[in-house]
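First up is the structure itself, then whatever we jot down about it.
The values are calculated or read from the model by the stated rules, or taken from the named source; none is laboratory data. Treat the numbers as computed from the prediction; the structure is a model and nothing was measured. Cβ coordinates were reconstructed from backbone atoms using ideal geometry, including for glycine residues, and neighbour counts include every protein chain displayed.
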Amino acid sequence: MNQELDFDSSVAVVQPIAQGLGDMINGQDGLYHLILEGMENGEPKRSVELIDCISRCLNPYSEYEAYQALVQSPDVRFVVSNTTEAGIQWAEGETLDMKPQPSFPGKMTALLHHRFTKFDGAADKGLIIICCEQIEDNADRLHELVLQHAANWGLSAEFVAWLENSCAFCATLVDRIVPGFPRDKIGAIQEEIGFEDNLVVVGELYHNWIIKAPAWVEKEFPCDKAGLNVKFVDEAQQQEIREQKVRILNGSHTGTVAAAYLSGFDTVREAMEDDHVGGFVNAMVAEEIVPNIPGDQDYLQKFSQKILERCHNPFIRHEWMSIALNAMSKWETRVLPSLLDAQKNTGALLKRIVFSLAALKAFYRGQRGEETYTCKDNADIIELYAKVWVKHIVATVGRCNRPAS
């Protein structure tokens, strides 16, 4: 947008948790390379771009005063969030005087209240909040939690009115496969770019960003005019597009991650090209996911095939372990709805989706053959499965050691 539209803006990154890449980002002066690879018009295409719009990264847990100064800057207008499915959740016991609040909704409520107070409720100092978390109605849910915190903390009616009239909570749907840091070929990439970039990001060429927002937000944030595949939509359009994308693309990934990884495949492409795992994914999508999405079934089947074709991108090394982050909450939002709809509509128990949940439970044991690995999820999920698997192992050993009668 800076290049195409003279948007003339910079980005300040804020770590959502205490541990993060802030020091590394600042150590590189906010610079990193974005590599996009894929097929375009039947031909392979690759682009390398230096991203230079990040001004700094702040850790609110160790740099709270600097974070507060940013919050109260008159130049701040947009907040773009991506805290994963686990980010927009209610947290008990948070208070306004925490520095900072542990949860993202808590931080957001405090941020907005500090800004409201700093500028005496000025209407032009409200914020446009654009949520990218892969949950249904992401910004609407954040809005609800912010209002809930405001009520719990006894914040003024004037503040709530400012929230409703001067701020915008914009729900979005993001579609781009981003494997992230290319560990397996970073040496060759650094030699190519002539820069010891330890923050290189690799993604696919394809991208789609659907934003549900009022017309005045579109005028202030005209990213659809910058040659990007961005579309501003109303409520009905956004819901329809989201349902299709989350269930088919995200659902197929989350529904396959455990079975594919435990079968010995580290990447999506490797698994998709295997007759057994690839066949499992294709059948799950065609026979269990798509039939339970409302709409033109012929269109949806063709749409799903296009999405699955992206999984064969020869340039993208999309690792299952990156997809497995917070896999339980992802399964609940991306896969479970298809199972519930099938039960409601036909009473059927979808065998592949049920198997995907069983595989996910096995995945949380943290062992593939003789290899051990670390599952990354909320602490309560990790603790639950640790207890379950200890009990299972103890029970199994007990049965094995039982003397013969």
TODO: With the checklist (1) in a loop (DSSP other than H, G, I, E, B); (2) within 20 Å of the chain's Cα centre (by Cα); (3) within 15 Å of GLU287 (Cα to Cα) in hand, flag the one item LEU349 doesn't pass.
DONE: (2)
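For ALA150, are the conditions met, namely being in the same structural domain as GLY20 (by TED's automatic domain parsing), surrounded by fewer than 19 Cβ atoms within 10 Å (Cβ to Cβ) and among the aliphatic types (A, V, I, L, M)?
Values: in the same structural domain as GLY20 (by TED's automatic domain parsing): yes; surrounded by fewer than 19 Cβ atoms within 10 Å (Cβ to Cβ): no; among the aliphatic types (A, V, I, L, M): yes.
The answer is no for ALA150.
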TODO: Inspect the range 105-124 for any residue being modelled with pLDDT of 95 or more, touching a helix residue (DSSP H, G or I) at 6+ places or on another chain (Cβ under 6 Å) and part of a strand (DSSP E or B) and give the result as yes or no.
DONE: no
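Give ARG310, ARG317 a once-over and let me know the one that is surrounded by 15 or more Cβ atoms within 10 Å (Cβ to Cβ), outside the structural domain of ILE130 (by TED's automatic domain parsing), at pLDDT below 95 and in a loop (DSSP other than H, G, I, E, B). Before the answer, list the steps.
Working: ARG310 fails: in a loop (DSSP other than H, G, I, E, B).
Exactly one residue qualifies, and that residue is ARG317.
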Task: Failed item, numbered, when GLY154 is tested on (1) assigned to a loop (DSSP other than H, G, I, E, B); (2) touching a residue at least 12 places away in the same chain (Cβ under 8 Å) - done: (2)
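Return yes when ILE35 is assigned by TED's automatic domain parsing to the domain that holds ALA171, over 29 Å from ALA226 (Cα atoms) and in contact with a helix residue (DSSP H, G or I) (Cβ under 8 Å, 6 or more places away or on another chain) and no when it is not.
Working: assigned by TED's automatic domain parsing to the domain that holds ALA171: yes; over 29 Å from ALA226 (Cα atoms): no; in contact with a helix residue (DSSP H, G or I) (Cβ under 8 Å, 6 or more places away or on another chain): yes.
So ILE35 fails the test.
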Task: Subset of the range 9-34 (residues that are surrounded by 13 or more Cβ atoms within 10 Å (Cβ to Cβ), among the hydrophobic types (A, V, I, L, M, F, W, C) and either farther than 30 Å from GLN101 by Cβ or at pLDDT 95 or above (or both)) - done: VAL11, ALA12, VAL13, VAL14, ILE25, LEU31, LEU34
Task: Test: residue in the range 35-46 that is surrounded by 12 or more Cβ atoms within 10 Å (Cβ to Cβ) and part of a loop (DSSP other than H, G, I, E, B) - done: no
Open item on the list: Can you find, within the range 222-238, the residue that is surrounded by the most Cβ atoms within 10 Å (Cβ to Cβ) among those that are of a type outside the set (D, E, K, R) and more than 23 Å from VAL178 (Cα to Cα)?
Closed with: VAL233
- [ ] Tell me, please, whether a residue that is acidic (Asp, Glu) and touching a Phe, Trp or Tyr at 6+ places or on another chain (Cβ under 7 Å) can be found in the range 58-73.
- [x] no
Task: Entirely in the range 203-307, the helices (runs of 4 or more DSSP H) that have 3 or more residues that are modelled with pLDDT under 90 - done: 235-245
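Only one of ASP23, ASP8, ASP29 is more than 29 Å from ASP137 (Cα to Cα), in contact with a helix residue (DSSP H, G or I) (Cβ under 7 Å, 6 or more places away or on another chain), outside any strand (DSSP E or B) and not basic (Lys, Arg); which? Quick ask: steps written out before the conclusion?
Numbers: ASP23 fails: in contact with a helix residue (DSSP H, G or I) (Cβ under 7 Å, 6 or more places away or on another chain); ASP29 fails: in contact with a helix residue (DSSP H, G or I) (Cβ under 7 Å, 6 or more places away or on another chain).
After applying the criteria, what remains is ASP8.
Would you point out the residue of the range 279-307, among those that are aliphatic (A, V, I, L, M) and farther than 29 Å from ILE382 by Cα, that is surrounded by the fewest Cβ atoms within 10 Å (Cβ to Cβ)?
Taking the range 279-307 and keeping what is aliphatic (A, V, I, L, M), we get 281, 283-286, 289-290, 293, 300, 307.
Keeping just the survivors that are farther than 29 Å from ILE382 by Cα gives 283, 286, 290, 293, 300, 307.
Details: ALA283: 13, ALA286: 15, VAL290: 21, ILE293: 21, LEU300: 20, ILE307: 18.
Among those residues, the one meeting the criterion is ALA283.
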TODO: State whether one or more residues within the range 243-260 are under 21 Å from PHE315 (Cβ atoms), of a type in the set (Val, Ile, Thr) and more than 19 Å from the chain's Cα centre (by Cα).
DONE: no
- [ ] Output yes when any residue across the range 365-374 is within 23 Å of the chain's Cα centre (by Cα) and either in contact (Cβ under 8 Å) with a residue 40 or more places away in the chain or surrounded by 14 or more Cβ atoms within 10 Å (Cβ to Cβ) (or both), and no when none is.
- [x] yes
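So for the range 245-253 (the condition being touching a residue at least 40 places away in the same chain (Cβ under 8 Å) and more than 22 Å from ALA324 (Cα to Cα)), does at least one residue qualify? Outline the logic, then answer.
Restricting attention to the range 245-253, the residues satisfying the condition of being touching a residue at least 40 places away in the same chain (Cβ under 8 Å) are 245-253.
This time we only want the ones that are more than 22 Å from ALA324 (Cα to Cα), so: none.
No: the range 245-253 contains no residue that is touching a residue at least 40 places away in the same chain (Cβ under 8 Å) and more than 22 Å from ALA324 (Cα to Cα).
Does LEU360 fit the bill of being in a helix (DSSP H, G or I), farther than 25 Å from GLU273 by Cβ and at pLDDT 95 or above? Lay out the reasoning, then the answer.
Working: in a helix (DSSP H, G or I): yes; farther than 25 Å from GLU273 by Cβ: no; at pLDDT 95 or above: yes.
Against the criterion (in a helix (DSSP H, G or I), farther than 25 Å from GLU273 by Cβ and at pLDDT 95 or above), LEU360 does not qualify.
With respect to ILE130, is the statement that it is in a loop (DSSP other than H, G, I, E, B), closer than 21 Å to VAL80 by Cβ and either touching a Lys or Arg at 6+ places or on another chain (Cβ under 6 Å) or touching a residue at least 40 places away in the same chain (Cβ under 8 Å) (or both) true?
Numbers: in a loop (DSSP other than H, G, I, E, B): no; closer than 21 Å to VAL80 by Cβ: yes; either touching a Lys or Arg at 6+ places or on another chain (Cβ under 6 Å) or touching a residue at least 40 places away in the same chain (Cβ under 8 Å) (or both): yes.
So ILE130 does not fit the description; no.
Residues of the range 67-81 being of a type outside the set (Phe, Trp, Tyr) and either assigned to a loop (DSSP other than H, G, I, E, B) or surrounded by 15 or more Cβ atoms within 10 Å (Cβ to Cβ) (or both), which ones?
Taking the range 67-81 and keeping what is of a type outside the set (Phe, Trp, Tyr), we get 68-77, 79-81.
Matches in the range 67-81: GLN68, LEU70, VAL71, GLN72, SER73, PRO74, ASP75, VAL76, ARG77, VAL79, SER81.
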TODO: Kindly establish whether VAL246 is crowded, with 20+ Cβ neighbours inside 10 Å and under 30 Å from MET24 (Cα atoms).
DONE: no
TODO: Return the pairs, sorted by first residue and then second, in which the second residue is outside any helix (DSSP H, G or I) and surrounded by fewer than 11 Cβ atoms within 10 Å (Cβ to Cβ), the first residue lies in the range 179-191 and is without any contact (Cβ under 8 Å) to a residue 40 or more places away in the chain, the beta carbons are less than 7 Å apart, and the residues are 6+ apart or on different chains.
DONE: GLN190/GLU196
